[in-house]
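**Student:** One structure, as structure tokens, below. Some questions next.
The values are calculated or read from the model by the stated rules, or taken from the named source; none is laboratory data. It should be emphasised that the depicted structure is a prediction, and the values quoted were computed from it without experimental measurement. Cβ placement follows ideal geometry from the backbone for every residue including glycine, while neighbour counts extend to all protein chains displayed. For accessibility, only protein heavy atoms count, side chains too; no ligands or nucleic acids. Shrake-Rupley method; radii C 1.70, N 1.55, O 1.52, S 1.80 Å.
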Amino acid sequence: MQNIINEAESVLLHTYNRFQVVFDHADGVCLYDTNGKEYLDFVSGIGVFALGYNNKEYNDALKAQIDKIMHTSNYYYNEPAISAAKALTKAAQLDRVFFTNSGAEAVEGAIKAARKYAYNKDGNTDHEIIALEHSFHGRTMGALSVTGTPKYREAFQPMIGNIKFAEMNDFDSVLSQVTDKTCAIIMETVQGEGGITPATEEFLKKVRALCDEKDILLILDEVQCGMGRTGYMFAWQKFGVRPDIMTVAKALGSGVPVGAFLMTQKVADSSLVAGDHGSTYGGNPFVGAAITKVFEIFEKEDICGHVQKVGAYLESELDKIAAKYDMIELRRGAGLMQGLVCKEPVAAIINTALSKGLVLINAGTNIIRFLPPLVITEADVDRMIKILDEAFAANA
Ligand SMILES: *Cc1c(COP(=O)(O)O)cnc(C)c1O
């Protein structure tokens, strides 16, 4: 394994401090390294492999599509993209979709749609967007501009202009940033990288009401918290606070690189038109087949219902661990998107867990993040908790 790691470090740009492991194959909720060692996966490729690894129906659908046609271009129609768009818009209670290749690109499209909508209203080009502190929306320049971690932005200034930041779950701080130039408010319904912080129902509803009053577009980024992760297909559906624009990616393709931004008919009617936006790969037949199959399996296996049950179990088991160790401040999250907020850095605990065959990831320095495949069982939770307990004990 060390040889492979050395090779990687000689050719890849070093933008990640990687864990010292090479994963080779996977099955169900487990990963296997090149030595054949098994690891229980509570990261699922950062919330991607919702259906677990090697789902036969999913794999077969992709193989069949490869043999038929993988790519055309957005200048032509293809049926897999149409069925994917139908399934996604229905699940999202939104009317129009544009497929991208990643979450960051979905955010780029959402920003462009919001700016165009405002431009169509008054012809001005100085509109403002309000984003939230501790948010994460991706690494491209537009997405980075609305990401609420100053150190991610610092060296890459100037960002795109007219972005203001407010505090999550603090409606007055949002209100204080609103001007007559505000065209959109962008936020994650549950903040992911920034610390697994769910928006409160009260905050979401107040922001929605403010947006309605001032014709500001509410953009909800559901790239991490969407696709059943919280026990609802999209996290905002728990509260009935429908966004005007929504971004999705990660579990949308459950393994193939795809994202999307969606919008209401009202926004679609007055924003992006032919020539305004595009993508070579976006929504090609291959990813269309993947998305279509993902939604089919979600429905057939009632993934959201399953997440509500096993998510409640994960919460209660993590609460027990949180009560047991002084170094844990609290647990927070929703469904199968959970965080243990610690008083100290968690890298040592995550490394101990990895050596014991459990894959975990951090969110910031002090938070352990849990993003298992959505198909885990209570027995998988028990197995995870046992190793987590040992890892805390070893680092206490
Ligand atoms: C991961 C993530 C993104 C960026 O997605 P990429 O596919 O990595 O570009 C955007 N928003 C949120 C909330 C994310 O978690």
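**Student:** How about the range 10-46: which of its residues are free of Cβ contacts under 8 Å to residues at least 24 places away in the same chain, within 24 Å of VAL346 (Cα to Cα) and not β-branched (Val, Ile, Thr)?
**Tutor:** Answer for the range 10-46, where residues must be free of Cβ contacts under 8 Å to residues at least 24 places away in the same chain, within 24 Å of VAL346 (Cα to Cα) and not β-branched (Val, Ile, Thr): HIS14, TYR16, ASN17, ARG18, GLN20, PHE23, CYS30, TYR32.
**Student:** Now for a different question. Checking PRO150 against (1) surrounded by fewer than 18 Cβ atoms within 10 Å (Cβ to Cβ); (2) in contact with a Phe, Trp or Tyr (Cβ under 7 Å, 6 or more places away or on another chain): exactly one of these is not met. Which one?
**Tutor:** It is condition (2) that PRO150 fails.
**Student:** Residue check: is PHE98 within 16 Å of the ligand (Cβ to nearest atom) and not assigned by TED's automatic domain parsing to the domain that holds CYS225?
**Tutor:** In short, no.
**Student:** Identify, from the list ALA106, ALA87, the residue that is under 16 Å from the mean Cα position of the chain (by Cα) and either within 16 Å of the ligand (Cβ to nearest atom) or assigned by TED's automatic domain parsing to the domain that holds ALA143 (or both).
**Tutor:** On inspection, the qualifying residue turns out to be ALA106.
**Student:** Further, regarding this structure: Just the residues that are within 11 Å of the ligand (Cβ to nearest atom) and either within 13 Å of ILE46 (Cα to Cα) or out of contact with any helix residue (DSSP H, G or I) (no Cβ under 7 Å at 6 or more places or on another chain) (or both), please, taken from the range 254-266.
**Tutor:** PRO257, the sole residue that qualifies.
**Student:** State whether one or more residues within the range 315-335 are crowded, with 22+ Cβ neighbours inside 10 Å and assigned to a helix (DSSP H, G or I).
**Tutor:** yes
**Student:** Of all residues in the range 192-250, count the ones that are open to solvent by 10 Å² or more (accessible area, probe 1.4 Å), β-branched (Val, Ile, Thr) and more than 19 Å from ILE291 (Cβ to Cβ).
**Tutor:** Residues meeting the conditions: 3.
**Student:** In addition: If you take just the strands (runs of 3 or more DSSP E) that sit entirely in the range 171-270, which of them hold at least 3 residues that are out of contact with any strand residue (DSSP E or B) (no Cβ under 9 Å at 6 or more places or on another chain) and closer than 28 Å to THR125 by Cβ?
**Tutor:** none
**Student:** So in the range 136-167, with the set limited to residues that are within 13 Å of the ligand (Cβ to nearest atom) and aliphatic (A, V, I, L, M), which one is nearest to GLN224 (Cα to Cα)?
**Tutor:** ALA143
**Student:** Oh, and also: Going through LYS112, LYS121 one at a time, which residue ends up being within 16 Å of the ligand (Cβ to nearest atom), in the same structural domain as GLY275 (by TED's automatic domain parsing) and in contact (Cβ under 8 Å) with a residue 12 or more places away in the chain?
**Tutor:** Of the residues listed, the single one that is within 16 Å of the ligand (Cβ to nearest atom), in the same structural domain as GLY275 (by TED's automatic domain parsing) and in contact (Cβ under 8 Å) with a residue 12 or more places away in the chain is LYS112.
Residue-by-condition table, conditions (1) open to solvent by 80 Å² or more (accessible area, probe 1.4 Å); (2) of a type in the set (Val, Ile, Thr); (3) within 16 Å of the ligand (Cβ to nearest atom):
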position: ASN3; (1), (2), (3): yes, no, no
position: ASN17; (1), (2), (3): yes, no, no
position: VAL29; (1), (2), (3): no, yes, no
position: ASN35; (1), (2), (3): yes, no, no
position: ASP41; (1), (2), (3): no, no, no
position: ASN55; (1), (2), (3): no, no, no
position: TYR58; (1), (2), (3): no, no, no
position: ALA61; (1), (2), (3): no, no, no
position: MET70; (1), (2), (3): yes, no, no
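**Student:** Something else about it: Restricting to the range 342-396, and then to whatever is hydroxyl-bearing (Ser, Thr, Tyr) and in a loop (DSSP other than H, G, I, E, B), can you tell me which residue is most open to solvent (accessible area, probe 1.4 Å)?
**Tutor:** THR365
**Student:** Conditions first: (1) within 16 Å of the ligand (Cβ to nearest atom); (2) among the charged types (D, E, K, R); (3) out of contact with any helix residue (DSSP H, G or I) (no Cβ under 6 Å at 6 or more places or on another chain). LYS250 passes all but one, so which condition is the exception?
**Tutor:** (3)
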